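Report on the structure given below.
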């Protein structure tokens, strides 16, 4: 295929050139009706590019195949057989992929270090999760993806499981042995779905970890807005092989997705794919060089350690994305929450994920030398400022297996059950009826249907006191928890 083509962008340009007038959505009529005060901030181009595919970029019958052509180009570019665009983010894409593999009441193996969107999918889809627990790095208080043998063990114990969902890379940049897990899944005749939300860039440079399609996964979900050039909520799920029916996958996505997708997302996905095919190797190569420069600079800073290949070992991570810069601040005596708030307030720099001891900065092809200089400057200033900040509160970190809670009810049943709110200290031993996910990165400590333990409560209460944001529970201050009556 001609990878220089951008069907969505070309259709948008043709729409403008023709001077089409549309008497359907969107109501702003490509910006004519937008408040001038809004246009001053957002710009006219945002509204001018907001055009429906149906009776807009394409005709009533979608006979020009604009979207299908763009998706086919994407699939070829990343070495998949099929690609499906989503404008509701990977939160929707992963739900659709999971539902295409395991329906209501069916078992699905899931890596327990999954994002809250995965656990939400378990509730919405009504599947029975079989949690495959990650390897907990007690030295760094960090969870790494499960290994092939963990998946093999789970499939032996649950031969009726319909497939496996694996998360790689993690929020902190560590990667799973996707090829090894895929081999185990295929030996048992089930598909592997990879939630690769942080890995949209991986197919375009051989200095990066193996990407899911190349490693043999059946379905791979990517959030192109995270590491690519597409706008927020732009996601793609990719398919190969015959273990997952493409019709089933598209219908499940259609069941959950919007009927009013934005052309802004489609157009930026289309353009990013062309950019990566033509220039991805050089752009990502430059990003890798800049990431190495940050790592070298941080090595000279007392109190900050940047996560590197020392975690690539048996029982830890299989690989690591070098563009994911995870800074451990334990040596500074402050939390990641403190660091993130300080550099935003003082230096107007926003970092990525933060937790009780680390912050992250993910580099993309868009980061320039000047931006890298600024990051190094801010980290250097943080070291100097750390003694003036409040000492890090004590956090009751869980033990190696402390968050491997027992699932005693199907998550959907617990979430929709009759519930009651009880003081958090009285929740131990009860069955959780809500998600509790320190955010970001948003990996649930408690999922509906799990029996709450003292260790989990101690960790959550102390982490909240240390600055963790808990957006999921009804009581964001965690004075109480919703449990099954």
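The values are calculated or read from the model by the stated rules, or taken from the named source; none is laboratory data. Keep in mind the model is a prediction, meaning the values are calculated, not measured. With ideal geometry, Cβ positions are generated from the backbone for all residues, glycine too; neighbour counts draw on all protein chains shown.
Any chance the stretch 219-227 includes a residue that's farther than 30 Å from residue 463 by Cα and free of Cβ contacts under 8 Å to residues at least 40 places away in the same chain? No: zero hits.
For every residue, the table says whether it meets (1) buried (at least 18 other Cβ atoms within 10 Å of the Cβ); (2) touching a strand residue (DSSP E or B) at 6+ places or on another chain (Cβ under 7 Å); (3) modelled with pLDDT under 95.
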| position | (1), (2), (3) |
| --- | --- |
| 433 | yes, yes, no |
| 444 | yes, yes, yes |
| 449 | yes, yes, no |
| 453 | yes, no, no |
| 463 | yes, no, yes |
| 466 | yes, no, yes |
| 474 | no, yes, no |
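Determine whether the stretch 71-78 contains at least one residue that is modelled with pLDDT of 95 or more and over 27 Å from the mean Cα position of the chain (by Cα). No: the stretch 71-78 contains no residue that is modelled with pLDDT of 95 or more and over 27 Å from the mean Cα position of the chain (by Cα). Listed by position, the strands (runs of 3 or more DSSP E) inside the stretch 85-148 whose residues that are surrounded by 24 or more Cβ atoms within 10 Å (Cβ to Cβ) and under 14 Å from the mean Cα position of the chain (by Cα) number at least 1 are 107-111. Filtered by the rule that a residue be within 21 Å of residue 82 (Cα to Cα) and within 17 Å of the chain's Cα centre (by Cα), the stretch 167-191 gives 167, 168, 178.
Would you say residue 51 is touching a residue at least 40 places away in the same chain (Cβ under 8 Å), crowded, with 18+ Cβ neighbours inside 10 Å and in a loop (DSSP other than H, G, I, E, B)? Spelling it out, residue 51 is indeed touching a residue at least 40 places away in the same chain (Cβ under 8 Å), crowded, with 18+ Cβ neighbours inside 10 Å and in a loop (DSSP other than H, G, I, E, B).
When 295, 290 are screened for being touching a residue at least 12 places away in the same chain (Cβ under 8 Å), outside the structural domain of residue 91 (by TED's automatic domain parsing) and surrounded by 18 or more Cβ atoms within 10 Å (Cβ to Cβ), only 290 passes.
Of all residues in the stretch 351-395, those that are surrounded by fewer than 17 Cβ atoms within 10 Å (Cβ to Cβ) and modelled with pLDDT under 95 total 4. Picking from residues in the stretch 17-41 that are loosely packed, with under 13 Cβ neighbours inside 10 Å and in a helix (DSSP H, G or I), the one that is nearest to the chain's Cα centre (by Cα) is 41. Residues in the stretch 298-320 that are free of Cβ contacts under 8 Å to residues at least 60 places away in the same chain and assigned to a helix (DSSP H, G or I): 299, 309, 310.
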